[in-house]
1. Taking only pairs six or more apart or across chains, which ones have beta-carbon atoms under 8 Å, a first residue in region 34-61 that is without any contact (Cβ under 8 Å) to a residue 60 or more places away in the chain and in a loop (DSSP other than H, G, I, E, B), and a second residue that is surrounded by fewer than 20 Cβ atoms within 10 Å (Cβ to Cβ) and charged (D, E, K, R)?
2. Please verify whether G233 is surrounded by fewer than 22 Cβ atoms within 10 Å (Cβ to Cβ) and outside the structural domain of F3 (by TED's automatic domain parsing), treating the condition exactly as stated.
3. Filter region 76-110 down to residues that are at pLDDT 95 or above and among the acidic types (D, E) and give me whichever is farthest from A207 (Cα to Cα).
4. Give region 144-172 a look and list any residue that's without any contact (Cβ under 8 Å) to a residue 40 or more places away in the chain and either among the aromatic types (F, W, Y) or in contact with a Gly (Cβ under 7 Å, 6 or more places away or on another chain) (or both), or say none.
5. I'd like to check something: does region 221-235 contain any residue that is in a strand (DSSP E or B) and under 18 Å from E169 (Cα atoms)?
6. Which residue is surrounded by the fewest Cβ atoms within 10 Å (Cβ to Cβ), if the candidates are limited to region 63-112 and must be more than 17 Å from A191 (Cα to Cα) and charged (D, E, K, R)?
7. Quick test of your reading of the structure: M187 fulfils all but one of (1) part of a strand (DSSP E or B); (2) surrounded by 17 or more Cβ atoms within 10 Å (Cβ to Cβ). Name the failing condition by number.
8. Quick one: which strands (runs of 3 or more DSSP E) lie wholly within region 78-182 and hold at least 1 residues that are in the same structural domain as G244 (by TED's automatic domain parsing) and closer than 30 Å to E33 by Cα?
Amino acid sequence: MRFLRYRTSSGESQQGWVLDGLIGPVEGSIFGEFQRKDLEIPLESARLQPPIRPGKIVCIARNFVDHTREHQAEVPEVPLLFLKPPSAIIGPDQPIYIPPQSHQVEHEAELAVVISRRGRWISTQEALNHVLGYTIANDVTARDLQWRDGQWARGKGFDTFCPLGPWIETEFDPADALITCHVNGEMRQMASTRDMVFSIQKLIAFASSVMTLEPGDILLTGTPAGVGPLLPGDIVEISIEGIGVLQNPVSAEPVT
């Protein structure tokens, strides 16, 4: 099943489900009891929102060997965690803003895991039982600020630096799915989820050994090699086989 959020004609954000190009409302909680209503809205006419508003965004660095090497870094022996603020999230077709503080903003195509159940010290054997589904993320990064600061909160944390969507796919198999990123139609990144250093089960287990994972939390699983610059006027498109496509324009941030 595919869950999404969309803006209604009254301007409110509504949970929904999508099938065969049509959207229907969902009543209740997708983490508990819910009811699917009739499909009624053409997907192409809907204004999609981020499919989830997480309490926290837990991210994994250097989880693809080739990406680690392109930054002349060592492959970590255990998962390398960092956080992005929920205020960084935007939905499909919303603009990524280039902040005036940075001169080197880059894309990072990633598979995102949506947590379904609260858990601490989750075992690898139980990890997938804590997953609602999967979506697409772009871990946008101000690379110059990341390296300058020596820690990553500013470089990773700007508003609009976490595009997410277009929906949550509950029937996705993460074992071997192709991740690609195009900017203005040019291929930048391509790799399979099978190339991850640490599996999703291991990532969930490790993250939950540090912090309690809550329903709706997002786990970003790392990016392949090929990260590159984003400039105002660009269109960045990330595709994950079996989920869909997340597209966002890039603009200079309006400064008031």
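1. K37/E27; L39/D20; A46/R7
2. Yes; evaluated as a whole, the condition is true for this residue.
3. Restricting to residues being at pLDDT 95 or above and among the acidic types (D, E), the top hit is D93.
4. Passing the criteria: Q146, W147, D149.
5. To start, the set of residues in region 221-235 that are in a strand (DSSP E or B) comprises 229, 235.
Now restrict to residues that are under 18 Å from E169 (Cα atoms): none.
Looking through region 221-235, none of the residues is in a strand (DSSP E or B) and under 18 Å from E169 (Cα atoms).
6. Looking at the filtered set, the residue picked out is E77.
7. (2)
8. Details: elements: 80-84, 96-98, 109-115, 131-138, 162-169.
Where strands (runs of 3 or more DSSP E) fall fully within region 78-182 and carry at least 1 residues being in the same structural domain as G244 (by TED's automatic domain parsing) and closer than 30 Å to E33 by Cα, they are 80-84, 109-115, 131-138, 162-169.
The values are calculated or read from the model by the stated rules, or taken from the named source; none is laboratory data. It should be emphasised that the depicted structure is a prediction, and the values quoted were computed from it without experimental measurement. Every residue, glycine among them, receives a Cβ derived from its backbone with ideal geometry; neighbour counts consider all protein chains shown.
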